[in-house]
Amino acid sequence: MGGLCRPLQASMVWLAVLLLLRGETVNTAQEFDPYRVLGLTKSASQAEVKKVYKRLVREWHPDKNNDPGAEDMFIKITKSYEILGNVERRANYDRYGQMEENKQGQHQQGFNRHFHNSFYFDESFFNFPRSGRDFSDSKYLLDHAGFNSKVLPDSFKRPYLIKITSEWCFACVHIEPVWRETVQELEPLGVGIGIVDIGYERRLANQLGVHDTPSILGVVNGRVTVFHYSVVREHLRQFVEDLLPQRLVEKVTDKNYVSFLGSWHVENNPSVLLFDQVPAVPLLYKLTAFAFKDYVRFGYVDQGLTETSRLLHQFNINSYAPTMLLFKENTEQPADIIQAKGMKRQIMEEFVSNNKYLCVPRLVNQHLFDELCPIKQFHRRRKYCVLLITGEEPGFVPGNQAFLTFASSNTKDVLRFTYVYQRQQQPLCQALLHNQAPLFAQVVILERRSPGGKAVYRSVIGGWNGSDDDKTRLHEQLELLQRDPSYLSYDATLPELNNELAPMFLIQWINAAYDYFLQIYDDLLFSNWREMMPILSLIFSALFILFGTVIIQAFSDSGEEKPPPKSKPKNPPKTDDSPGRYSPSSLISPHPASRPPKKDFVEVTELTNITYISNLVKLRPGHINVVLVLTDASKNALLRKYAKEVFSFSGTQTLHFSFLNADKHSQWMPSILESCPTAARGDEHSSPFSGRPRDFTGHVLALNGHKKYFCLFRPVFTGDTDTGGESSSSSSSFDEGSRRKSRSRSRSQSSSRSRSREEWGSSGRGGRGGGRASRATSLEVHHKLDRLGLWMERLMEGTLPRHSVPGWPGLDTTSPSSSPAPQN
């Protein structure tokens with residue numbers, strides 16, 4: 001037992017010694033902190049490091065400072081700047097807490113990194129790299145927060161090329177030379193570079209959708225694209241070019257250069273032309289165009305083409321060096337020009353950045369308004385915005401041109417000349433003009449004071465039409481403003497500007513759908529099943545729900561269409577003459593074409609001045625209102641019969657049922673028949689020349705309020721009880737044979753009825769004969785709707801004649817041709 005304890009005690013002693021040495025090393029490393037020496041934080045920029053170093057060196061130089069510790073302090077400052085002044089050395093220190101040249105520190109750092117695993121490997125001894133990156137890659141390392149806060153927003157201005165690597169990645173070692181050459185070529189052109197260690201940034205790797213190493217990604221406009229080809233420098237360069245939008249740079253020749261330069265009025269942007277000898281557009285020019293795509297239009301002129309000779313001669317282009325011309329409102333003369341044999345990115349970006357606005361740009365959105373007319377800052381110089389409120393009509397063109405001429409001759413830094421169209425920016429114009437609609441253009445001088453929209457302004461008296469007096473008056477007020485800022489004596493709260501360049505919702509939806517399907521196609525093409533599984537699961541779930549709903553609906557519809565089993569009712573249905581409410585069992589539809597009703601009653605609405613508009617004039621398209629015409633005397637009998645005849649059709653959602661009281665609205669029916677001669681032609685009993693009073697009791701109209709037509713049902717002519725149900729008018733029969741029979745019967749019976757009525761009338765009004773006739777009429781009036789069910793079937797089939805009307809008359813409309821009823 002004692003023999004086992006001795007090795008254990010020795011191990012504990014060695015462990016204590018190692019921990020002591022490690023603590024001493026850490027304390028030694030913590031004694032010197034370059035950030036503390038220079039008085040900086042780790043977030044300080046390189047420019048701040050250089051500025052502080054120069055100040056401290058002058059302060060602690062031994063020749064100028066008599067302090068005894070000045071020399072030591074000077075050495076520490078110089079040593080600190082050697083570490084922090086170099087980007088690679090600073091990144092090495094931030095990551096490992098040491099300098100790159102300190103080999104002993106590297107050995108100790110290697111010990112510190114591997115001691116927690118109870119093993120120690122000196123990588124320099126094996127001469128084998130632990131991962132596919134070196135110390136120079138540390139400045140490109142990305143984490144989750146840095147990617148979302150820096151790379152994604154910056155990807156809308158320049159593309160990013162990102163390498164995915166990990167510890168002990170053997171394949172990463174093979175692509176490292178190609179990657180280094182590609183970075184050295186593309187980074188000076190403006191391409192962003194990033195490296196993600198998948199072992200330390202698992203969350204970022206999941207967001208990017210990459211789980212294999214090595215992998216290379218491209219990020220443009222917030223969209224991630226995976227590189228799937230062999231890692232060759234030419235392929236990576238082409239991959240970056242393919243990430244950029246297709247129509248960034250337009251090819252310009254002698255045929256289209258006039259339209260290209262003249263589009264400044266519509267695009268509201270300057271135009272840049274690059275002249276070069278190569279046929280393809282250089283990648284540097286494409287990257288510059290992508291960075292300024294929201295401000296400037298870019299065109300490329302190939303000097304080797306014969307189609308560009310006139311363009312080269314007009315602008316006197318030197319063919320020995322690339323040339324850039326920038327045009328604003330004047331398309332005949334460039335506003336700026338640059339020519340250099342070795343065109344660099346910094347030169348091009350500075351050239352475009354200094355000329356990215358027109359002389360008088362139009363305010364088309366709030367972002368441009370904030371850039372052109374910034375909010376007043378106390379530590380900055382004042383900025384005044386001279387705003388022309390004008391119109392798009394040709395009458396405003398001379399005044400707009402005069403305003404441009406005036407602005408071109410007054411190029412002061414404190415003034416910014418802009419204009420707006422009153423029709424496009426009505427809220428802004430109403431705030432400045434106090435809701436007045438000017439007949440001519442107006443000039444307003446304003447200064448923005450707060451982000452909330454508060455501004456001070458003053459309108460130029462007399463408006464603006466471009467005359468010399470207007471220019472003199474505006475010039476005097478601008479001079480007065482620069483001497484006395486309080487000249488702007490009015491204040492207002494400006495609303496946010498309308499975005500005139502915002503795409504429509506349909507275009508946004510199409511672009512989003514295009515990107516989505518492009519991503520699906522890319523994943524399917526390269527078999528990225530790990531990312532495709534959620535999408536495929538969503539698609540199949542949606543299809544399953546869709547087809548399941550259709551199948552269930554089909555089975556439910558087939559079950560509803562089966563006729564119910566015939567059973568003899570226990571209680572016989574009530575007759576038409578018996579009062580009361582009809583039960584659904586007595587009103588089962590005998591017509592298979594109609595949908596079974598969901599209720600045991602029919603909802604019938606009376607057409608009044610309140611319900612007339614909603615139930616007819618503004619009836620929804622495809623809906624029909626079936627209206628019964630009745631009187632006070634026949635109301636109960638006809639409504640009971642009407643409900644029985646239309647009950648089987650009440651399940652149709654496009655049908656509505658109403659009734660019209662002819663005693664209250666006596667002129668509506670004559671008015672609608674007179675507006676449609678085809679409908680009034682067959683109404684013999686209602687003709688104004690027949691000598692009889694108009695009686696529309698029992699008429700039914702199917703009214704289509706949207707298409708303005710109706711179908712007419714003329715009631716059965718009632719008479720004797722045994723024959724009243726057989727006679728009918730010519731329009732209520734439904735086949736040619738029955739039509740002839742009904743005509744012959746109606747003629748014979750109408751003559752007998754007319755004679756009997758004449759006899760009743762001659763025997764004395766108000767006697768017993770008249771009383772018997774009125775009682776018979778009240779009992780037999782419901783027979784007028786005997787054939788309404790057949791007419792409803794033809795209505796649902798769409799075989800009834802349709803009578804069009806120019807418009808729907810009012811309920812209280814007075815017919816021009818109607819005559820008052822004869823008075824006794």
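The values are calculated or read from the model by the stated rules, or taken from the named source; none is laboratory data. Computed from a predicted structure; not experimentally measured. Here Cβ is always computed from backbone atoms with ideal geometry, including for glycine, and neighbour counts include all displayed protein chains. Accessible surface is based on the protein model in full, side chains and every heavy atom, while ligands, DNA and RNA are left aside. Shrake-Rupley method; radii C 1.70, N 1.55, O 1.52, S 1.80 Å.
One table, with the values for the structure above:
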item	result
Along each principal axis, Cα extent of region 154-255, largest first, Å	58, 27, 22
Carbon + sulfur, % of accessible area of region 149-188 - ligands and nucleic acids excluded, 1.4 Å	64 percent
For region 366-493, accessible area per residue (1.4 Å probe, heavy atoms of protein chains only), Å²	54 Å²
Pairwise centroid distance, computed over Cα atoms, of region 789-811 with region 609-660, Å	13 Å
Relative contact order (%) - region 137-243, alpha-carbon pairs under 8 angstrom, separation at least six	39 percent
Unit charges at the beta carbon, dipole of region 137-243: most positive-side option, Asn221, Gly190, Leu236	Asn221
Spherically averaged projected area of region 249-355 from its Cα convex hull (nm²)	5.9 nm²
Distance violations [Cα-Cα > 27 Å] among Lys42/Lys150; Lys293/Lys344; Lys139/Lys344; Lys50/Lys163	Lys50/Lys163
Rounded Å value of the spacing that divides the Cα centres of region 278-315 and region 46-78	51 Å
Size of charge dipole - region 34-96 - debye, nearest 20, with Cβ of Lys, Arg +1 and Asp, Glu -1, no other charges	280 debye
Residue order for His782, His475 - accessible surface, 1.4 angstrom probe, largest first	His475, His782
Of Val57, Val87, Gly69, farthest towards positive along the dipole that unit charges on Lys, Arg, Asp, Glu beta carbons give region 34-96	Val87
Protein accessible area in region 34-96, 1.4 Å probe - carbon and sulfur %	48 percent
Unit charges on C-beta of K, R, D, E only; dipole of region 350-488, Debye	560 debye
Heavy-atom accessible area ranking, 1.4 Å probe, most first, across Glu350, Glu371	Glu350, Glu371
Solvent-accessible heavy-atom area per residue, rounded to whole Å², over region 137-243 at 1.4 Å	46 Å²
Two-decimal Rg to Rh for region 251-312 - Kirkwood Rh, Cα set	0.97
Considering only region 249-355, percent of DSSP beta bridges that pair antiparallel, nearest 5	50 percent
Antiparallel bridge percentage (DSSP; both residues within region 366-493; nearest 5)	70 percent
Long pairs among Lys356/Lys383; Lys51/Lys286; Lys251/Lys328, criterion Cα-Cα beyond 26 Å	Lys51/Lys286
Assigned charges on the beta-carbon of Lys, Arg, Asp, Glu; region 237-391 dipole about Cα centre (debye)	560 debye
Accessible area of region 366-493 belonging to carbon and sulfur atoms, whole % at 1.4 Å probe	50 percent
Inter-part distance where region 326-384 and region 179-212 are each reduced to a Cα centre, Å	33 Å
Accessible-area order (highest first, 1.4 angstrom probe) of the listed residues Arg448, Arg233, Arg458, Arg381	Arg381, Arg233, Arg458, Arg448
